[in-house]
Amino acid sequence: MRAIIKHPAFEKGRLALSRALDTRMRGQIIFVVGMSGIGKSEIRYDAIKSIAGPPETWTAGQIPVIPVRATPTDRSTFSPKEFITRLYLAFFEPDFSWAVRRADVGDSNEVHAHMDERLACTFGLDMRAKRTEHQMRTYVERMAPIRGLRAIFIDEAASLTYTHPSKRPVDHMINYMCLAEEIGITLVLFGVPRVAALWEGDAEILRRSRFVFIDRYRHDKKDDLKSFERLATMIAKEYPFSRFSLVNRTLDLAYASSAGVFGEINAFYRRADDLRAIDGCSSICRRHLEGAVSNAATLATLHAEAALFDSLRTPADAATICRLFNDERGRR
């Protein structure tokens, strides 16, 4: 099994989430935000085991943590009934595969795959057909305190932003914020930058929320560039290069194709290795790296998401704050 590379951005994000989870606030919300491929799933796996503690310390019948996936299943929009069905099933048929040591698990999303299989079979289809959303929510509200639930970890939380025209994304968030407060647990939502639509413009959600940003490596920051070079070098060691100095000489190609994101760097070198194999070569050459660069449209999308992420990390400047004060005075 491939080892998890705990690079600086990963470690900072992991520690920030650990600090946010150390709370006594009822109904707290934690947003963990990062680009696709940044390592959110690995950080989630680590945090779930941390907050749950060793299984041998649980009381009989306890379910300290529930990991669940949010999915756009209703004509490509988020379905509250589908989501509450997943929570219902997590109590009805508990799956503790997330409690296994990471080194013994091939995929950190294995628990979601198990649930997808159960929901797609006759049992899952029959369960959804015979139970209303309200019935399943009532069951979850009743079972959560009985089972000693402490937190719900929601993967792919940006799916909650895919709504019908008459529904606002924050409406879903308020609904689950109320659920968390009623049963006294913490909601931890993992998502790409689009997830910001769940809190923007709603003071009530913001007051109850904490934010953990899993950083990418920025091209305009000297320390980030050094970290990016070390990370690219570590990943490249798993691939056959004609000369390892080629990795350092083509960092610009790696950065352009990855926007400083861990998963994208690995994908870039994997594409280069595929081209090497197609060519029948024993090692990766520069032409393979150049051929592995994505097309213009793909790169534009990737770097637009990076810019959106950076905007969420950038505090308002003095001019913006001054303008807000002036607008406030003008309304008086």
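The values are calculated or read from the model by the stated rules, or taken from the named source; none is laboratory data. Quantities reported herein were computed from a predicted structural model and do not represent experimental measurements. We place every Cβ from the backbone using ideal geometry, glycine too, and count neighbours over all the protein chains shown. In case anyone asks, the SASA skips ligands and DNA or RNA and just uses the protein heavy atoms, side chains included. Shrake-Rupley method; radii C 1.70, N 1.55, O 1.52, S 1.80 Å.
Return the residues of the stretch 287-329 that are outside any helix (DSSP H, G or I) and free of Cβ contacts under 8 Å to residues at least 40 places away in the same chain; say none if nothing qualifies. Of everything in the stretch 287-329, those that are outside any helix (DSSP H, G or I) and free of Cβ contacts under 8 Å to residues at least 40 places away in the same chain turn out to be ALA292, SER294, ASN295, THR314, PRO315, ALA316, ASP317. The residue that is nearest to the chain's Cα centre (by Cα), counting only those in the stretch 301-332 that are charged (D, E, K, R) and surrounded by fewer than 10 Cβ atoms within 10 Å (Cβ to Cβ), is ASP317. Tallying residues that are in contact with a helix residue (DSSP H, G or I) (Cβ under 8 Å, 6 or more places away or on another chain), surrounded by fewer than 20 Cβ atoms within 10 Å (Cβ to Cβ) and either of a type in the set (D, E, K, R) or not in a loop (DSSP other than H, G, I, E, B) (or both) within the stretch 53-67 yields 1. No other residue among ALA20, ALA9, ALA47, ALA16 is more than 24 Å from LEU160 (Cβ to Cβ), outside any loop (DSSP other than H, G, I, E, B) and in contact (Cβ under 8 Å) with a residue 60 or more places away in the chain apart from ALA9.
Look at (1) of a type outside the set (S, T, N, Q); (2) without any contact (Cβ under 8 Å) to a residue 60 or more places away in the chain; (3) in a loop (DSSP other than H, G, I, E, B) and you find that ALA113 fails only one, number (3). Tallying residues that are in a helix (DSSP H, G or I), over 16 Å from ILE66 (Cα atoms) and open to solvent by 40 Å² or more (accessible area, probe 1.4 Å) within the stretch 80-110 yields 4. When ASP126, ASP116 are checked against the criterion of being surrounded by 12 or more Cβ atoms within 10 Å (Cβ to Cβ) and among the acidic types (Asp, Glu), a single residue qualifies: ASP116. Looking only at residues of the stretch 17-34 that are more than 21 Å from MET173 (Cβ to Cβ) and not basic (Lys, Arg), we find that the one that is least open to solvent (accessible area, probe 1.4 Å) is SER18.
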